[in-house]
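The values are calculated or read from the model by the stated rules, or taken from the named source; none is laboratory data. Note that the structure is a prediction, hence the values are computed from the model and not measured. Here the Cβ positions follow ideal geometry from the backbone for every residue, glycine too, while neighbour counts run over all protein chains shown. With ligands, DNA and RNA removed, areas are computed over all heavy atoms of the protein, side chains included. Shrake-Rupley method; radii C 1.70, N 1.55, O 1.52, S 1.80 Å.
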Amino acid sequence: MGDTAADPARRRVFIDKQSPKAYHALVETADAVRAVAAEAGLDRGLVELINLRVSQINGCAYCLNVHTRAALRVGETPQRLGVLAAWRDTELFTARERAALALAEATTEPANAVAQESAYETARQVLNDDEISAAIWVAITINAFNRVSILSKHRVTRIPGSAGG
C-alpha cells in the first residue's frame, strides 16, 4: 500500500501540536503532580517507576523511551528497569515501591475492582494519604500522556551513539 505520510486519510494528527492549549494544560498538570509527589515524599525515582510501569501496560513506546532515560538520570538501575514488568516476582523493589506500583496498575486498569481493593489494602500499610494520592495522580497523568503519544503515533528515534540495530 501507499505511504501513510502521503495519504492524508491515514496520517495521524499529532494532537499535542494540533491543540497546543490543551497539551500545555496537560504539561502544567504534570508539573503540578510532580510537585505534589515531591511534597508527599515520593522521590523522582519512584515517580519514574510509576511512569514506566503505566507506559508498559499501555504499550506506549514513546513514553517508555522518555521515562527510561529519565529513570536512569535519577539513578535507577538497568537491572530494576529490566524486571519492572515483573516487579511482583522479584525482591528488588521496596514495600513502598510495590505499593505505589500496585496503585499505578489499578489506576491504569480501573475496571479491575479486585486489583483496586488489593492495591489500596497494600498501600494503606506503607503509604500515607498524601503518598497514595500522589502515586495515583502520577499514574493518571502518565496515562493521559500515553494516550496522546499512542493516538498521535509519536515515533521513537535512535539516540546518536546508542547501541542497537
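Points to keep in mind about this one:
- Among residues of the stretch 88-138 being assigned to a helix (DSSP H, G or I) and among the β-branched types (Val, Ile, Thr), the one that is surrounded by the most Cβ atoms within 10 Å (Cβ to Cβ) is Val138.
- Residue, surrounded by the most Cβ atoms within 10 Å (Cβ to Cβ), within the stretch 9-68, restricted to residues that are in a helix (DSSP H, G or I) and among the basic types (Lys, Arg): Arg53
- Verdict on Arg147 being open to solvent by 60 Å² or more (accessible area, probe 1.4 Å), within 21 Å of Glu28 (Cα to Cα), basic (Lys, Arg) and part of a helix (DSSP H, G or I): yes
- Residue that is in contact with a helix residue (DSSP H, G or I) (Cβ under 7 Å, 6 or more places away or on another chain) and under 24 Å from Asp16 (Cβ atoms), where the choices are Thr122, Thr141: Thr141
- In the set Arg11, Arg34, only one residue is closer than 19 Å to Val148 by Cα and modelled with pLDDT under 95; that residue is Arg11.
- Qualifying residue in the stretch 75-87 (condition: surrounded by fewer than 18 Cβ atoms within 10 Å (Cβ to Cβ) and farther than 30 Å from Arg158 by Cα): no
- From Leu101, Leu46, Leu26, Leu42, residue being hydrophobic (A, V, I, L, M, F, W, C), in contact (Cβ under 8 Å) with a residue 40 or more places away in the chain and over 29 Å from Arg158 (Cα atoms): Leu42
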